[in-house]
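Coordinate-derived values only; no laboratory data. Because the structure is predicted, anything quoted here is derived from the model rather than measured. Here the Cβ positions follow ideal geometry from the backbone for every residue, glycine too, while neighbour counts run over all protein chains shown.
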Amino acid sequence: MLTAARNLWRKHRFLFIAFITALVVTAFFAARLVLFSLYWAEPAHQDQPVEGWMTPRYVALSYDLPPGVVREALELEPVDGERHTLEEIAEASSLTLEEIQRRIDEAVRAQKGDRE
Amino acid sequence: MTDTVFLLVATYGSAALFAVTFLSCLAVPVPASLMMLTGGAFAASGDLPLASVSLAAYGGALSGDQTGYLLGRSCAGWLERWAEARRGRAALLGRAHASVERWGGMGVFLSRWFVSPLGPYVNFAAGAGRMRWARFSVWSVAGETVWVALYVGLGYLFASSLTAVAEFAADLSGLVAGAVVAVGLGFWLRMMQKRHGRVKG
């Protein structure tokens, strides 16, 4: 085995390096996949925090809220118009992402309360 | 990085998808799979129509494949002249043509979605190796259908946990591409080793 490896190294150095690199890349992604799966398996890590790229409708979907409730929490017109991201909404109003997160969490709690 | 991609799709919608799937077929390093997941998620939330997301991604991918194939094809004559200059090169090109003939269809199909990082190179190689245009196109259409349906579909189904799906998909696709390349190079090394054995014996 060792002799074989030494031989390959001597005669096909480029090919051998490429092969080892491919193995390392494979192992890297396998490790990432396992680590991320373990992380994701914890229920506490499954919540997606509110971020600038999200739209009100996406927040509604992700947090399982009616779209109207999200629009109300963000002080938006109840009518659905164009597609705006939270980043754009925050820029146009006095809201920050933290404030949006707080309001969404509150809306989730209120919804849960209503259901129980 | 991931957030920028999400933001691009949210801002430019289907046009961004068309541009990115097109470029990804020409070996431009853009995160096309991630964009399609995002497009699927915004379709699920009602921000983008599912049909326009799918058609834009599909149109970009198909036209990208054709462009890559034509670029490769335009180099075919030059490659053949280069190969004719020496016998060793001619034999190598002959072997390459034979394997395109034998494996080309399946290679094009699988490099669309299963080992998608290899896709653009397969486009160039198929053109340069003079794979028949109709054969290339049929497999490209079939493969891109799977690619687009897979990623837009996953994005749509798992929209509410988009960041997690994106991470899973990226890792899995890296894992598959790495493994396929490793196995291919392993076979090649083994072949080389055997050939040396024969020369010695």
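Lys and Arg at +1, Asp and Glu at -1: add these up for the other residues within a Cβ distance under 14 Å of residue B:58 and post the number.
Details: positive: B:112; negative: B:65, B:144.
Once positives and negatives cancel, what remains is -1.
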(request) Sort all Cα-Cα distances of chain A into consecutive 5 angstrom bins from zero, then give the percent of pairs in each bin up to the one containing the longest distance. (result) 2, 9, 14, 14, 10, 8, 7, 6, 5, 5, 5, 5, 5, 3, 1
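Just checking the output field for A:60-67: average partner chain Cβ neighbours within 10 Å of each residue's Cβ? Walk me through the numbers on the way to the answer.
Values: counts 3, 9, 7, 1, 1, 0, 0, 2.
Neighbouring Cβ atoms belonging to other protein chains average 3 per residue here.
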(message) Taking beta carbons within 10 Å but only from partner chains, what does the mean come to for residues B:160-170?
(response) 4
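If you take each beta carbon of peptide A:5-17 and count the beta carbons of other chains within 10 angstrom, what is the mean? Display every interim value, and only then the final one.
Working: counts 0, 0, 4, 5, 0, 0, 4, 6, 0, 0, 5, 3, 1.
If you average over the peptide's residues, the count of other-chain Cβ atoms is 2.
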(message) Give me the percent relative contact order of chain A, please, defined on Cα pairs under 8 angstrom at least 6 residues apart.
(response) 21
(request) Any chance you could list the semi-axes, whole Å, largest first, of the equivalent ellipsoid that the Cα gyration tensor gives for chain B, using √(5λ)? (result) 36, 20, 12
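For every helix of n ≥ 4 consecutive DSSP H residues, a contribution of -39,500 (n - 2.57) applies; sum these over chain B, divide by its total residues, and give [θ] at 222 nm rounded to the nearest 500 deg cm²/dmol. Please list the in-between numbers first.
Numbers: 8 runs with 172 residues, N = 201.
After summing the helix terms and dividing by the residues of chain B, the value is -30000 deg cm²/dmol.
Taking R0 as 25 Å, what's the FRET efficiency between residue B:102 and residue B:71 from their Cβ-Cβ distance, rounded to 0.05? Show your work: numbers first, answer last.
On the way: r = 23 Å, r/R0 = 0.93.
It comes to 0.60.
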(request) Show that you can apply the helix-only estimate: for chain A, add -39,500 (n - 2.57) for every DSSP H stretch of four or more residues, divide by all residues, and state [θ] at 222 nm to the nearest 500. (result) -21500 deg cm²/dmol
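Return a whole-number percent for the relative contact order of the range B:1-149, with Cα pairs under 8 Å and 6 or more residues apart as the contact set.
On the way: 195 pairs, mean separation 39.0, N = 149.
Value for the range B:1-149: 26 percent.
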(request) Between residue A:109 and residue B:63, take the C-beta separation as r, use R0 = 51 Å, and let me know the FRET efficiency to the nearest 0.05. (result) 0.55
